[in-house]
Amino acid sequence: MAIEICIRGDLMTGYYVQIDADASEVTKVIQHLQDKLSPTGLSVFLNTMVDPYIRNRIDQRFGSEGDDVSGAWHPLEQATQQIRAAYGYPPDHPINVRTGKMRSFLVHTQSDVQPNGMGATLTHPPLTGDPITLKKIKTAQTGSSSPATPARPVIGLNQNDDLFITSELVVYLTEGMI
């Protein structure tokens with residue numbers, strides 16, 4: 001890209017700035033950004049960068065039984081431990097994992113990414129999952145009053161995640177421009 005910046009002036013006439021640029025190069029940059037910011041382009045970003053990041057965060061949250069977003073998960077009640085043991089599962093750990101179906105669904109199912117008039121939307125988990133698994137996810141997120149179950153959130157993002165995603169968006173938008 002050829003850009004020439006010329007600053008001219010003197011004390012009597014003042015200063016002015018003249019910028020000359022190759023219009024075809026500027027047009028290419030604008031077209032590049034339009035493509036990346038289109039609903040299709042943003043869908044690509046969400047599918048290739050954000051979806052794997054979110055699923056990895058969820059997997060790590062399961063592995064550590066909570067994190068900086070959810071806090072440490074509440075330990076299982078004694079009655080729950082007895083039920084798990086009766087079915088042949090380890091009584092107290094891992095929390096939020098009995099059969100592994102909920103974790104597998106959250107970690108291995110790709111998000112639902114849809115282009116729309118404003119850009120694109122990512123939904124995770126996709127709402128097309130098994131209703132029983134979706135109900136277990138809701139209980140993990142919010143808890144339940146009957147039976148009394150504390151919230152042990154499995155999905156969530158914080159400011160650090162926002163910073164990462166925003167930084168990756170900048171990389172995505174600028175790659176191939178220069």
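The values are calculated or read from the model by the stated rules, or taken from the named source; none is laboratory data. Please read all numbers here as calculations on a predicted model, not as lab measurements. Using ideal geometry, Cβ is built from the backbone for each residue, glycine included, and neighbour counts are taken over all protein chains shown. Side chains included, ligands, DNA and RNA excluded: accessible areas come from the protein's heavy atoms. Shrake-Rupley method; radii C 1.70, N 1.55, O 1.52, S 1.80 Å.
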Computed over the chain: longest principal axis from alpha-carbon atoms vs helix 51-64 long axis, angle to nearest 10 degrees, is 40 degrees
How high is the relative contact order of segment 58-126, in percent, with contacts defined as C-alpha pairs under 8 Å that are six or more residues apart?
23 percent
Go through (i) 9, 32, 30, 17, 8, 3, 0; (ii) 8, 26, 24, 15, 11, 8, 5, 3, 1, 0; (iii) 9, 35, 34, 15, 5, 1, 0 and flag the label whose value is the computed P(r) over Cα pairs in 10 Å bins from 0, in percent for this structure.
(ii)
Here the gain from full extension of THR48 to ILE155, 0.36 nm per residue of separation minus their alpha-carbon distance, amounts to 36.6 nm
Pairwise FRET efficiency - ASP162 versus THR123, Cβ, R0 = 22 Å, nearest 0.05
0.80
Report, to the nearest whole %, how much of the accessible area of the chain belongs to carbon and sulfur atoms, 1.4 Å probe, protein only.
58 percent
Proximal lysines to LYS136, defined as alpha-carbon separation beneath 27 angstrom and excluding residues fewer than eight positions away on the same chain
LYS101
Nearest-10 value in Å² for the accessible area of PHE105, using the 1.4 Å probe:
40 Å²
Total formal charge among the other residues, if their Cβ is under 12 angstrom from that of SER144, Lys/Arg +1 and Asp/Glu -1:
+4
Top positive-direction residue, dipole computed over the chain with Cβ charges, set TRP73, LEU169, ALA23:
TRP73
Considering only the other residues whose Cβ falls under 12 Å of the Cβ of THR80, what net charge follows from Lys and Arg at +1 and Asp and Glu at -1?
+1
Cα-based helix-to-principal-axis angle, 23-37 vs the chain, degrees rounded to 10
10 degrees
Simple SL model, points at 7 angstrom along Cα→Cβ for HIS32 and ASP68; separation in nm is 3.2 nm
